[in-house]
Amino acid sequence: MKKLLSLFALLFILSTAVNAQEAKINWISIEQAEAQMQKEPRKVLIDVYTTWCGPCKMMMKNTFTNKDVIEYINKNYYAVKFNAEGGEDLSFKGNEYSNPGFNPSGKGRNSQHQFAAALGVKSYPTIIYMDEELNVISPISGYMTPDKIELYLRLFAENLYKEITSQEDFQKYQANFKSTFQ
């Protein structure tokens, strides 16, 4: 009987570990996010990255795999992953965007996509936060650890940004912020 209980305990632990590893952010396209807004409005987070960007890869590996980050984003945002130098065409809010200078055989840097330019992206990674009407709230650039991104995830998802009217207000928010992400 002890062996059987031990076996069940081991199987439970292994299945829990596998499920934890399988949890992922529900990345969708910007067109899918726009369509989802018709059914259930929520904030949008766009991870604007490039394939050659080291900090972008680090965020994907270290931040966007954190269980607390995954859970919070999936619950509060539509998450969009967008290659700022990719070659795909897209439609957003009735406008068409492409990358006319895209070189599919190019290695390393490529030309910037019109959509990234329209969002005002100047460096990578940049996370664009949008409201429920797909208006840009703020672009936040640079690599972020789970506790650092939590500050912004909560700021925008919980509409705390609406109470911040000065740099001093933001500094106070930042100083008083207590991360709960592991």
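The values are calculated or read from the model by the stated rules, or taken from the named source; none is laboratory data. A quick note: this is a predicted structure, and the numbers were derived from the prediction, not measured. Because the Cβ atoms are built from the backbone with ideal geometry, glycine has one as well, and the counts that use them run over all protein chains shown. Note: accessible area is taken over every heavy atom of the protein model, side chains too, but ligands, DNA and RNA are not part of it. Shrake-Rupley method; radii C 1.70, N 1.55, O 1.52, S 1.80 Å.
Some observations on this one:
- Among residues of segment 108-136 being assigned to a strand (DSSP E or B) and crowded, with 17+ Cβ neighbours inside 10 Å, the one that is nearest to the chain's Cα centre (by Cα) is 127.
- Pairs meeting the criteria (first residue in segment 86-105 and in contact (Cβ under 8 Å) with a residue 60 or more places away in the chain, second residue among the charged types (D, E, K, R) and open to solvent by 40 Å² or more (accessible area, probe 1.4 Å), beta carbons under 7 Å, at least 6 apart or on different chains) are 90/31; 91/31; 92/34.
- Qualifying residues in segment 137-182 (those that are among the small types (Gly, Ala, Ser) and within 14 Å of the chain's Cα centre (by Cα)) - the one farthest from residue 56 (Cα to Cα): 157
- The set of residues in segment 59-82 that are in a strand (DSSP E or B) and over 18 Å from residue 36 (Cβ atoms) is empty.
- Residues satisfying the stated conditions in segment 140-167, i.e. in contact with a strand residue (DSSP E or B) (Cβ under 9 Å, 6 or more places away or on another chain) and either touching a residue at least 24 places away in the same chain (Cβ under 8 Å) or surrounded by 18 or more Cβ atoms within 10 Å (Cβ to Cβ) (or both): 140, 142, 144, 149, 152, 153, 155, 156, 157, 161
- Matching option when the condition is touching a residue at least 40 places away in the same chain (Cβ under 8 Å), closer than 21 Å to residue 23 by Cα, over 12 Å from the mean Cα position of the chain (by Cα) and open to solvent by 30 Å² or more (accessible area, probe 1.4 Å), among 76, 62: 62
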